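Q: Once you've had a glance at the structure underneath, I'll fire off some questions.
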Amino acid sequence: VRWMMYWIVFALFMTIETFTDLLISWFPFYYEVKMAFVIWLLFPYTRGASLLYRKFVHPTLSSKEKEIDTYIIQAKERGYEVMVHFGKRGLNLAATTAVQVATKSQGALAGRLRSFSMQDLRSIPDE
């Protein structure tokens, strides 16, 4: 449970840090403070990740639980629809490509077979 809390808080920190790096990375000791914060999150004696998770993350997730479940259900439904749509497009593309290749190769095969026709064989001297 402790590691789950740490990784959730750390993931949120990394998401926020992506944007804050662009804005405030020019502050003195910014990177040192950031390293100290990560160590504080990880250190077992301070239990920073547990503290932040219990004070902020868990209450927020608990209050938004119904909305999150609704979004997950919608994502599943849309994901299935998207997979079916792209699957059909992929199969259509593969079938079209197979027909085009077969059509082109049929002409090449016919040309090869013509080269071995009886007229060609008769033109070869009987040595």
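Q: Between Ser50 and Ala75, take the C-beta separation as r, use R0 = 25 Å, and let me know the FRET efficiency to the nearest 0.05. Intermediate values should be presented prior to the final figure.
A: Details: r = 29 Å, r/R0 = 1.17.
Computed FRET efficiency for Ser50 and Ala75 comes out at 0.30.
Q: Given 0.36 nm per residue, what is the gain on full extension from Ser63 to Leu23 after removing their alpha carbon distance, in nm? Write out the running numbers ahead of the final one.
A: Values: separation 40, 0.36 × 40 = 14.40 nm, distance 3.04 nm.
Gain on stretching Ser63 to Leu23: 11.4 nm.
Q: Are there chymotrypsin sites (Phe, Trp or Tyr not before Pro) in the stretch 1-110 that DSSP marks as loop and that have at most 14 other Cβ atoms within 10 Å, and which are they?
A: Values: sites: Trp3, Tyr6, Trp7, Phe10, Phe13, Phe19, Trp26, Phe29, Tyr30, Tyr31, Phe37, Trp40, Tyr45, Tyr53, Phe56, Tyr71, Tyr80, Phe86; in loops: Trp26, Phe29, Tyr45.
Listed in order of number, the matching sites are Trp26, Phe29, Tyr45.
Q: Name the trypsin sites (Lys or Arg not before Pro) in the stretch 1-100 that are in a loop by DSSP and that have at most 12 other C-beta atoms within 10 Å, would you? If you can, show how the numbers build up before the last one.
A: On the way: sites: Arg2, Lys34, Arg47, Arg54, Lys55, Lys64, Lys66, Lys76, Arg78, Lys88, Arg89; in loops: Arg47, Lys64.
Passing both the DSSP loop test and the Cβ count: Lys64.
Q: Using 0.36 nm per residue, how much length does the chain from His85 to Ala11 gain when fully extended, once their Cα-Cα distance is taken away? Walk me through the numbers on the way to the answer.
A: Values: separation 74, 0.36 × 74 = 26.64 nm, distance 3.23 nm.
That pair, His85 and Ala11, stretches by 23.4 nm at full extension.
Q: Give me D for the stretch 1-104 in µm² s⁻¹, whole number, from Stokes-Einstein with Rh from the Kirkwood sum over alpha-carbon pairs, 20 °C and 1.002 mPa s. Present the calculation step by step, with values, prior to reporting the outcome.
A: Working: Rh = 18.0 Å.
Roughly 119 µm²/s, to the nearest whole number.
Q: Okay, next question. In whole Hz and in residue order, list the ³J(HN,Hα) couplings for the stretch 6-12 that follow from phi through the Karplus curve 6.51 cos²θ - 1.76 cosθ + 1.60, θ = phi - 60°; x for Gly and Pro.
A: Result, ordered by residue: 4, 5, 5, 5, 5, 5, 5 Hz.
Each reported figure results from applying straightforward, stated rules to the coordinates on display, with no laboratory input. Owing to the predicted nature of the structure, the values given are computational and were not obtained by experimental measurement. Methodologically, a virtual Cβ is constructed for each residue, glycine included, from the backbone with ideal geometry; neighbour enumeration extends over all protein chains shown.
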